[in-house]
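Notes for the one structure printed next.
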Amino acid sequence: MEPAEAASQIQDWLSNNQELIIHYAVNIAAALLTLVIGFVVVGMLTGGVNSLLKKRKVDSTIADFTTSLLKYGLLAFVIIAALSRVGVQTASFVAIVGAAGLAVGLALQGSLSNFAAGVLLISFRFFKAGDYIEGGGTAGTVQSVQVFTTILMTPDNRMIVVPNSKILNDNIINYSKEKTRRLDLVISVSYHADLRQVKALLNRVVLADDRVLKDPECNIAVSNLGNTAVEFIVRPWVNASDYWALKFDLLEQIKAEMDAQNIRMPYPNMDVHLIKDEVV
């Protein structure tokens, strides 16, 4: 076929199907416009819902989880509406999507278990945003619970993304649940030390700090007679927010006081005896 003849046939086809082309062009443009406007509206709506929930003092983990579900549901509705504009039969499309969803669901059982675990974590409230927890083989401050994952931040500002099912199926330790915590210290001293003197020193150092709570009472006692040292337990109760700062300060003060009173804190040592064989 000559190029001129092919061009003539294309022109004739365009002339004969002009209304059809205009119809589909308008529908495609409307579908694209629906997608753009829909995505913008969904973003504004979900952002507004999230802000409203947080203004109502709803826990941010619940707010973020609810917003995520709402966002994905609305986006699916926008996509279906856009497809209907270009002539796709949405009823058939929904059926196809349902069948595909079942197949994908069977293939992605882990993701579905993460979703279910996220719902359970939100429902039972084992922790909330801002709590420091240990779970799923890691630890950190909870930032949010997403549809499939939980976001943690470590004290050195690293983000950890943990699957929800991994947290739910593991032991969860929430260090921020209660307002007070018990600080457990083990102080070792030499067998030559005066135990009454050591106990009095520990009592004095601990009670001198205003961050130590008077109730419950601090427990100081000999806990173990080791191979090279006598071990004391020092267990004051503190506000959870003072835990780490008080621990570091008490260890420093106890060491300084023991040095001042010449109380030895032993460390592991080994005596080596060399025997020289005499050559006859």
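No value in this document is a laboratory result; all are computed from the given coordinates. Just so you know, these numbers come straight off a predicted model, no measurement behind them. When we count neighbours, we look across all protein chains shown, and the Cβ atoms used for this are built from the backbone with ideal geometry, even at glycine.
With equal scatterers on the alpha carbons only and no solvent term, can you work out the Debye log10 of I(q)/I(0) for the range 180-260 at 0.12, 0.19, 0.24 1/Å? Cα-only, vacuum Debye calculation for the range 180-260: -0.32, -0.79, -1.18.
Listed by Cβ neighbour count within 10 Å, with the fewest neighbours leading, PHE77, PHE39, PHE127 appear as PHE77, PHE39, PHE127.
A straight Cα-to-Cα reach below 27 Å connects LYS55 with the lysines LYS71, LYS128, LYS177, LYS179, residues fewer than 8 places away in its own chain not being considered.
Applying 1/(1 + (r/R0)^6) with R0 = 41 Å to the Cβ-Cβ distance of LEU225 and ASN157 gives a FRET efficiency near 0.45. With the simple spin-label model, which puts each label point 7 Å out from Cα in the Cβ direction, the VAL36 to GLU252 separation comes to 6.1 nm. Counting charges near ASN219 (Lys, Arg +1; Asp, Glu -1) among other residues having Cβ under 15 Å from its Cβ returns a value of +1. Counted residue by residue at 0.36 nm each, then reduced by the alpha carbon distance between them, the extension gain from LEU213 to SER188 reaches 6.6 nm.
Can you order the peptides 188-200, 142-154, 206-218 by their average number of other Cβ atoms within 10 Å per residue, highest first? Intermediate results must be reported in sequence, preceding the final value.
On the way: 188-200: 14.5, 142-154: 19.6, 206-218: 13.0.
Per-residue Cβ counts within 10 Å, averaged per peptide and sorted highest first, yield 142-154, 188-200, 206-218.
For LYS255, which lysines qualify as cross-link partners when the Cα separation must be under 26 Å and same-chain residues fewer than eight apart are set aside? List returned: LYS199, LYS214, LYS247.
Highest mean first, the peptides 221-229, 246-254, 234-242 sorted by other C-beta atoms within 10 Å per residue fall in the order 234-242, 246-254, 221-229.
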